[in-house]
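This report concerns only the one structure given below.
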Amino acid sequence: YVEGEFVYVASPLAGQLEAPAVERGAQGKKGDLLFALECGAETAQRDEAARKLAQAKAQLADAQRGQRPTEIQALEAQLEQAKAADALAEKEFDRQEKLVRTGASAPQELDRARATRDQDRKRIAQIEADLQTARLGSREDQIAAAAAAVRAQEAALAYAEWALAQKRQFAPVSGLVFDTLYRQGEWIAAGRPVVALLPPENVKVRAFVSEARVGGIRY
């Protein structure tokens, strides 16, 4: 008796058989394409996952980069204006202080000049803090969340690429294409074998030898 241990090749995903790439009785080599299933949905999912990954990476880069250069330039301009106003307020305070000493100005004018100077200094401190924050970028927790989103989208893209690749099955071993179990256009459930391969090393011959002759058999 000649016995064969077949290698059944299937896809883990369901789909319509586009076309078998091999015919019954042909000799196939390891890595040859055996069959392909319709893959429109998987291709769309792969493309969507790629776009979402690009978006997540852009958001992460934006969070790490901080505010845009034009926004930082606007804050720097405000800082320069505040410093100029502070310098003017300081001169006015000195002038009012001298006038009060000579009696040419009322103390209320000196108080008003002091308040204006103090307000301008606080304005400078506020803008400097805003400018430092703008250069730092987003908070650490926001950056960590954006990085986690990138990793999640990378995993989603990897799965989508895997699913798309499973719609095309290749020969895991070399051997005879013993049978093709479906025809073009037929729907194939997930995990159902489509091609049966018979590698040469999986072919065995079983023979009957009487007990009286077994002792005399040699390889």
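Among the residues of the stretch 157-187, those that are open to solvent by 50 Å² or more (accessible area, probe 1.4 Å), closer than 28 Å to residue 47 by Cβ and more than 30 Å from the chain's Cα centre (by Cα) comprise 184, 186, 187. Contact map, the stretch 134-147: residues that are open to solvent by 60 Å² or more (accessible area, probe 1.4 Å) and part of a helix (DSSP H, G or I) paired with residues that are at pLDDT below 80 and of a type in the set (A, V, I, L, M, F, W, C), Cβ distance under 6 Å, separation 6+ or inter-chain. Pairs shown: 142/63. Flag: residue 190 matches the condition of being outside any helix (DSSP H, G or I) and open to solvent by less than 90 Å² (accessible area, probe 1.4 Å). When the test is whether a residue is in a helix (DSSP H, G or I), of a type in the set (D, E, K, R), open to solvent by 30 Å² or more (accessible area, probe 1.4 Å) and at pLDDT below 85, residue 130 passes it.
Within the stretch 123-137, one or more residues are under 30 Å from residue 74 (Cβ atoms) and under 24 Å from the mean Cα position of the chain (by Cα). Checked across the stretch 21-35, the condition of being within 27 Å of residue 156 (Cβ to Cβ) and either open to solvent by 80 Å² or more (accessible area, probe 1.4 Å) or without any contact (Cβ under 8 Å) to a residue 12 or more places away in the chain (or both) holds for no residue.
Is it true that residue 17 is under 25 Å from residue 133 (Cβ atoms) and buried (at least 17 other Cβ atoms within 10 Å of the Cβ)? No.
The values are calculated or read from the model by the stated rules, or taken from the named source; none is laboratory data. Being a predicted model, the structure only gives us computed values, none of them experimental. Note that each Cβ is placed from the backbone with ideal geometry, even for glycine, and that neighbours are counted across all protein chains shown. Just so you know, the surface numbers come from the protein's heavy atoms only, side chains and all, with ligands and any DNA or RNA stripped out. Shrake-Rupley method; radii C 1.70, N 1.55, O 1.52, S 1.80 Å.
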